[in-house]
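Below is one structure; the comments refer to it alone.
The values are calculated or read from the model by the stated rules, or taken from the named source; none is laboratory data. Note that this is a predicted model, so its numbers are computed, not measured. Note: ideal-geometry Cβ built from the backbone for every residue, glycine included; neighbour counts use all protein chains shown.
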Amino acid sequence: MSCCAPGAEMALDVSSTTSVLPSSEEIRLASRSLGDDLRQTDLSVPTVHCAACIQTIETALGKLERVEGARVNLSTKRVSVRWRGDEVPPFVAAIGRLGYQAHLFAPEADAKDRTLSELIRAVAVAGFAAGNIMLLSVSVWSGAEGATRDLFHWVSALIAIPALAFAGGIFFRSAWNALRHGRMNMDVPIAVGVSLAYAMSLYETINHGDHAYFDASVSLLFFLLIGRTLDHVMRERARTAVKGLSQLAARGAMVLRSDGARDYLPVGDIEPGMLLLIAAGERIPVDGKIVQGASDLDCSLVSGESTPKTVASGERVQAGTLNLTGSLTIEATAAAKDSFLAEMVRLMEAAEGGRAHYRRIADRVSTLYAPVVHLTAFVTFLGWMAATGDWHRAITIAIAVLIITCPCALGLAVPIVQVVAARRLFENGIMVKNGSALERLATIDTAVFDKTGTLTLGQPRLVNASSIDPATLAIAADMAAHSRHPFSKAIAGFASPGGQQKFDAVAEYPGFGIEAADAGAIWRLGRRGWAGWKARTGGEGKHGYGGTVLTKDGIIVATFDFEDALRADARAAVERLNDVGVSVQMLSGDTAGACAEVSKILGVGDFVACLLPSGKVECIETLAKDGHKVLMVGDGLNDTPALSAAHVSIAPATAADIGRNAADFVFLRESLLAVPLALDVSRKAGRLIRQNIAIAIVYNAVAVPIAILGHVTPLIAAIAMSASSLLVIGNALRLQGFGPHAPARSTAADRRASFGALARSS
Amino acid sequence: MTTLVCLIPVALFLGALGLAGFLWALRSGQYEDLDGAAERILIDRDDKSN
């Protein structure tokens, strides 16, 4: 179960002392054995950002008992701690004391990125071969003759073998895979062109011919591998950044046995009927029924409701909700695989498929391109055979056509633009999962927003602070600091600096409020009916947000009104989307009243309230049936099926893990302007991709006739191919400087801001 | 021609040496934390155990 995205904890970071550290049982579950009593635990520490952080953390952890060593990885923002012994050293607490927040994440046996190292090795080998062969080729072009030329050709042929076998293998495998499934991709013409060029050159070398294309076939591989590696790095970077956000999930729970023993069990081992102890601040791991205790639950990630729900014994609770105020004993009514979260996964899988039909531009081009190229080469062969009857000459020229049309520029045309676009978005705190997401985003005409957590922050904000007596407000703030209820956190933000009121005793009554005793007077902050027990309780329903009051000895001294705080720039983002011709709608699980208010403030034309997760999917499918391309922006567990049903989806970094995984884009900063920015960049990228493909086609239109007429030499091929590739790369780089509101480049401050966002959201 | 017989193997050997060096560095994890490597140079090492 992994639904522990920040809910209430992220409000105001007053709770650093009260936030629950992972228990040693959890750390043990998440660590892996290195053999010989040695264990390693990987922690995600999103706030490390400089040399001082590295040194502080490594030194402090190194001093702990039984810790063998600690190593900070700044790129992935992780700390791996090696320790021995039965007991877990208190390293999470140690990091916490230094002012960093550390989170556990699932241990991966295969942590290293195999594909990336294979790609980099292939680039290295291809680069080595291409450099050396080019050196020899230049000598041939500048006039080496006879035996010397043959020697150079033979050495080139030898160097090319490892490059083709190792670096070319990536393309051969992919081309073979495509052909076997009856598909066509860009790797098919690449594989055919490269291998035929090598075979012909080998034949020429054996027969002392003067033209060999070893340099063309190997440098082609080199260029294409660079494009492919960049593409992979971009996606991997987004993936690790998104994974770094993973909060400590409820991977287990304390189980109360019938004989009174307490066991910490992983979520997967929890069975219906077991009694679970849920402390305040923990997420509920499985669906269940409350046996004992009362508390407030934050359901915002599960249902989209912005107001915490008060629960008491006998009521049912859903997996994924966050227990805010009191400890609960619940009886599990479903195993993890039958719980609410698993239900969302099933809905999500059912909804998927809309985007599976999407075919990437490069694939669509290649299905046209490859047959045309191969047909041209074949017709050239037939033409020369008919004209001269010289089969050797006909084959040589036909292969030259294949080499010159080998889609170097076309192979780079799409990925290079997407890498530049992803880089540009990354600088603005937006992660792109893959290139096809950029292509899909460029086509949308409707944007659908979730309300709680997306258009709003899902955190209440005190709206009438100015009308409350400052002294009274300070008392309320001091009391509120003792609670993790979202309302309390909103009030606690108004604490007067320094002037800490000293109370004799403070107690929290889950579901009701906080009581504090001070010099004989009893202060209560909480529900109107509970706190103001002496006041007339007539005005209950009038205060839309529940009615929270501060009382002294039962007499109401202040009333607090809350509203859900809007996400920064939400209105500007909606306006900007409307400006570029995208209609905006809102789908929410919250009440119609709350939705109407938000939609009025933001100028959202359409909204549907009180939706179940499946209702959101239906709404999106109806839009899709009407021919709309829908962008879904949402954060909750209840949005997850809708995120995967939509044509393309965006989630804020504060979303539930599963939502972040389902979304194509994740934005790390608070501002909702990320959505129009992503749309803008993706549309520009789409334009540049089309331009690049046009450049590649124009290049072919010029070069192919020359090749068909038999005028191509290896020198001309090398120049033509590099020139077209450079042109395509240069065109893609224009994306960097595009646009009137081109935001700042990746300055240090900018990067820190994005780390800050990471930190805040974790 | 005789110089070529010497020079080509020498050039290839040096190139291969560089390639091997790169592959070794890749395998031994030198490229795993590029940001960290850039920052670590600022750390003073006053104790030798580090």
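Among the residues of the stretch A:147-158, those that are surrounded by 22 or more Cβ atoms within 10 Å (Cβ to Cβ) and either within 11 Å of another protein chain (Cβ to nearest Cβ) or among the hydrophobic types (A, V, I, L, M, F, W, C) (or both) comprise A:152, A:156. Selection over the stretch B:1-34 of residues that are facing chain A (nearest Cβ under 7 Å) and loosely packed, with under 10 Cβ neighbours inside 10 Å gives a count of 1. Whenever a residue of the stretch B:1-23 is free of Cβ contacts under 8 Å to residues at least 24 places away in the same chain, its partners that are among the basic types (Lys, Arg), lying with C-beta atoms within less than 7 angstrom and at least six residues away or across chains, give the pairs B:23/A:121. Restricting the search to the stretch A:553-571, which residues are of a type in the set (D, E, K, R) and not in a strand (DSSP E or B)? Within the stretch A:553-571, A:553, A:561, A:567, A:569, A:571 qualify.
Looking for whichever is modelled with pLDDT of 85 or more and more than 30 Å from residue A:693 (Cα to Cα) here; the options are A:376, A:388. Which one fits? Step by step, each of A:376, A:388 is checked, and only A:388 is modelled with pLDDT of 85 or more and more than 30 Å from residue A:693 (Cα to Cα). Please go through the stretch A:609-638 and give me each residue that is in contact with a helix residue (DSSP H, G or I) (Cβ under 6 Å, 6 or more places away or on another chain) and either within 19 Å of residue A:652 (Cβ to Cβ) or of a type in the set (Val, Ile, Thr) (or both), ordered by number. A:613, A:616, A:617, A:620, A:630, A:632, A:633, A:634, A:635, A:636, A:637, A:638, listed by residue number.
Is it true that some residue in the stretch A:166-174 is within 14 Å of chain B (Cβ to nearest Cβ), under 23 Å from residue A:410 (Cα atoms) and touching a residue at least 12 places away in the same chain (Cβ under 8 Å)? Yes: the stretch A:166-174 contains one or more residues that are within 14 Å of chain B (Cβ to nearest Cβ), under 23 Å from residue A:410 (Cα atoms) and touching a residue at least 12 places away in the same chain (Cβ under 8 Å).
Checking A:93, A:52 one by one, the residue that is within 14 Å of chain B (Cβ to nearest Cβ) and not β-branched (Val, Ile, Thr) is A:52 and no other. Number of residues in the stretch B:1-33 that are within 17 Å of residue A:119 (Cβ to Cβ) and either of a type in the set (A, V, I, L, M) or part of a helix (DSSP H, G or I) (or both) equals 6.
Counting residues that are of a type in the set (A, V, I, L, M), which strands (runs of 3 or more DSSP E) fully inside the stretch A:595-682 reach at least 2?
Details: elements: A:606-608, A:630-633, A:648-652, A:665-667.
By residue number, A:630-633, A:648-652.
Scanning the stretch A:541-558 for residues that are modelled with pLDDT of 75 or more and surrounded by fewer than 16 Cβ atoms within 10 Å (Cβ to Cβ) yields A:553, A:554, A:555.
Any residue that is in a helix (DSSP H, G or I), more than 11 Å from chain B (Cβ to nearest Cβ) and among the acidic types (Asp, Glu) - is there at least one of those in the stretch A:139-146? First the steps, then the outcome.
First pass over the stretch A:139-146, keeping only residues in a helix (DSSP H, G or I): A:139-141, A:146.
Checking which are more than 11 Å from chain B (Cβ to nearest Cβ) leaves us with A:140-141.
Then drop every residue that is not among the acidic types (Asp, Glu), which leaves none.
Within the stretch A:139-146, not a single residue is in a helix (DSSP H, G or I), more than 11 Å from chain B (Cβ to nearest Cβ) and among the acidic types (Asp, Glu).
Taken across the stretch A:595-614, residues that are in contact (Cβ under 8 Å) with a residue 24 or more places away in the chain, touching a strand residue (DSSP E or B) at 6+ places or on another chain (Cβ under 8 Å) and among the small types (Gly, Ala, Ser) do not occur at all.
Among the residues of the stretch A:685-729, write down those that are part of a helix (DSSP H, G or I) and over 22 Å from residue A:366 (Cα atoms). Let's see the steps before the verdict.
Step one: list which residues in the stretch A:685-729 are part of a helix (DSSP H, G or I), which gives A:685-708, A:714-729.
Once the filter is applied, which keeps residues that are part of a helix (DSSP H, G or I) and over 22 Å from residue A:366 (Cα atoms), the stretch A:685-729 yields A:706, A:714, A:715, A:716, A:718, A:719.
When we screen A:422, A:477 for residues that are crowded, with 21+ Cβ neighbours inside 10 Å, within 23 Å of residue A:295 (Cα to Cα) and either at pLDDT below 85 or of a type in the set (Asp, Glu) (or both), the only hit is A:477. Criterion first (in the same structural domain as residue A:437 (by TED's automatic domain parsing), buried (at least 20 other Cβ atoms within 10 Å of the Cβ) and of a type in the set (S, T, N, Q)) does residue A:682 satisfy it? Taking the combined requirement at face value, the residue satisfies it. Whenever a residue of the stretch A:123-134 is more than 7 Å from every other protein chain (Cβ to nearest Cβ), it has no partner that is outside any helix (DSSP H, G or I) lying with C-beta atoms less than 9 angstrom away and at least six residues away or across chains. Exactly one residue out of A:168, A:209 is crowded, with 24+ Cβ neighbours inside 10 Å and either small (Gly, Ala, Ser) or modelled with pLDDT under 90 (or both): that is A:168. If you go through the stretch A:612-644 and keep only what is modelled with pLDDT under 85 and surrounded by 20 or more Cβ atoms within 10 Å (Cβ to Cβ), you end up with A:613, A:635, A:636, A:637, A:638, A:639, A:640, A:641, A:644.
Looking only at the stretch A:97-114, decide whether some residue is in a helix (DSSP H, G or I) and hydrophobic (A, V, I, L, M, F, W, C). Within the stretch A:97-114, not a single residue is in a helix (DSSP H, G or I) and hydrophobic (A, V, I, L, M, F, W, C).
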